[in-house]
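What follows is a short report on a single structure.
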Amino acid sequence: MQITSVIDAAQKLPRAFYDRDPITVAGELLGKVLVHAVDAVPRVGRIVEVEAYLGPHDLAAHSSRGLTERTKVMFGPPGHAYVYLIYGLHCCMNVVTEREGQASAVLLRALEPVHNLDGRTQGPGLLCRAMGIDRKCNAHDLLSGDLYVAAPPLAAGAKAPVIVRRPRIGVDYAGHWARRLLRFYINGNPFISRP
DNA sequence: CTCCGGATTCGT
DNA sequence: CGAATCCGGAGT
């Protein structure tokens, strides 16, 4: 069966992948696949757009307000999902990066649908809705459950995608941090949330 | 306890 | 451009 073969061929990323600085992780997440099994049906999307949030010194990062009930997952060990509710309406998913205490993460902003995805996937809220990700997924270990990121099999002769770096979206309150080039996406991909 | 505003999306 | 809609975080 096609779906099973794709997932079997994919390789769940190890803890060490996430235990690096968020800029490196952000760039390398592009092209990986996000998988979430909902009612035993695996939903799969290719990550095409992300943003890096560097830590407490980054005024756009939630962790800049210190360790709180909401942000404690960001302060925890790498390879976990940080999922939060935004504007009372939508969920956003991050992967936690770096060692415990560093409080950095990468926000997943857009997916290219691969399997079992209905509706749009361009934008962090729409991505979570299509993947069936909500706050119950917060703090989920990406190494031990049915929500994870995997490396898809390398397509023969595939050329490396060109990665574009731009300022992050929706963080104008963060002063000069809003201008840092911490949004990454695959050049020309039609599933980017915004040009 | 009250109040404010958001790493968004949709419709006008 | 403004509404929707909830809750974490900060202040009283």
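All of the numbers you see were taken from the coordinates with simple rules; none came from a lab. Fair warning: this is a prediction, and the values are worked out from it, not measured in the lab.
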Lysines whose Cα lies under 16 Å from that of A:K159, excluding same-chain neighbours fewer than 8 positions away: A:K32
Intensity falloff of chain A expressed as log10 I(q)/I(0), Debye formula with alpha-carbon point scatterers, at q = 0.10, 0.14, 0.15, 0.17 Å⁻¹: -0.36, -0.73, -0.85, -1.12
Vicinal HN-Hα couplings computed from phi for the stretch A:85-91 (Karplus, 6.51 cos²θ - 1.76 cosθ + 1.60; Hz; Gly/Pro x): 8, 10, 6, x, 10, 10, 9
Distance histogram in 10 Å bins (all Cα pairs of the stretch A:93-195, percent per bin): 12, 38, 39, 11, 0
Candidate lysines for bridging to A:K72, where Cα separation is under 17 Å - those fewer than 8 sequence places away on the same chain excluded: A:K136
Helix-derived mean residue ellipticity, 222 nm - over chain A, DSSP H n ≥ 4, -39500 (n - 2.57), to 500: -3500 deg cm²/dmol
A:S104 long-range amide H proximity, modeled H, under 5 Å: A:T97
Residues whose placed amide H lies under 5 Å from that of A:D19, excluding near-sequence neighbours: A:E98
